[in-house]
1. Considering only the range 50-62, I want to know if a residue exists there that is closer than 25 Å to Gln149 by Cβ, in contact (Cβ under 8 Å) with a residue 60 or more places away in the chain and of a type in the set (A, V, I, L, M).
2. Can you name every residue in the range 63-85 that is more than 14 Å from the chain's Cα centre (by Cα) and either touching a residue at least 40 places away in the same chain (Cβ under 8 Å) or surrounded by 15 or more Cβ atoms within 10 Å (Cβ to Cβ) (or both)?
3. Starting from residues that are of a type in the set (S, T, N, Q) and assigned to a loop (DSSP other than H, G, I, E, B), keep the ones in the range 104-132 and report whichever is nearest to Leu67 (Cα to Cα).
4. Lys132 fails exactly one of the following numbered conditions: (1) modelled with pLDDT of 90 or more; (2) surrounded by fewer than 17 Cβ atoms within 10 Å (Cβ to Cβ); (3) basic (Lys, Arg). What is the number of that condition?
5. If I go through the range 144-163 residue by residue, how many of them are closer than 23 Å to Phe49 by Cα and either outside any helix (DSSP H, G or I) or at pLDDT 80 or above (or both)?
Amino acid sequence: GLEEYLLGSNTEKVVRFANCPVLSVPNKVNAESIKNIAFATNLEDDQDFIVKELQMYQHLFGATLHLVWVNTFQVNQDLEMVKNKLNELAERNELTKFEVHIYNAINAERGIMHFAEWQNMDMIALATHGHKGLAHLFIGSIAEDIVNQAKRPVWTYSTHPKA
């Protein structure tokens, strides 16, 4: 309702204010079944420290990390350049068990959700800016929206962790 729109759910608040990675699990999940993790990235922020954190989960689960960039009408980029940047992200972080994906969608949120469903991902991972106050009200948060809608675990981490 209106209250949730203005204030957000408890899970959204945890995602927004946490100083550490947050794993939201909407349903009972067997950790051994997590073999494919979709990491959605906008390639704009320095996300190396986030990839390093996510690698711990990847190794724990023995999973393949799928680097996903959503191509939208608003952010239409040269796809070869995007593919190269995704591969550079993997190389910088010494990823060994990964795949690179570009997915076309109307917006990033839909693209991430549809990609995860279409490719039967076991977990979604993404960064959040953790906007608060008016910025959150006007800009919103893709990560928080996905946490509220996903039927699979969602791992989030702030691009601006607090000290």
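1. Checking the range 50-62: at least one residue is closer than 25 Å to Gln149 by Cβ, in contact (Cβ under 8 Å) with a residue 60 or more places away in the chain and of a type in the set (A, V, I, L, M).
2. Those that are more than 14 Å from the chain's Cα centre (by Cα) and either touching a residue at least 40 places away in the same chain (Cβ under 8 Å) or surrounded by 15 or more Cβ atoms within 10 Å (Cβ to Cβ) (or both): Ala63, Thr64, Asn71, Thr72, Val82, Lys83, Lys85.
3. So the residue we want is Gln119.
4. Checking Lys132 against (1) modelled with pLDDT of 90 or more; (2) surrounded by fewer than 17 Cβ atoms within 10 Å (Cβ to Cβ); (3) basic (Lys, Arg), the one that fails is (1).
5. Going through the range 144-163 one residue at a time, the tally reaches 13.
The values are calculated or read from the model by the stated rules, or taken from the named source; none is laboratory data. From a predicted model like this one, the values you see are computed outputs, not experimental measurements. Cβ atoms come from the backbone with ideal geometry, glycine included; neighbour counts cover every protein chain shown.
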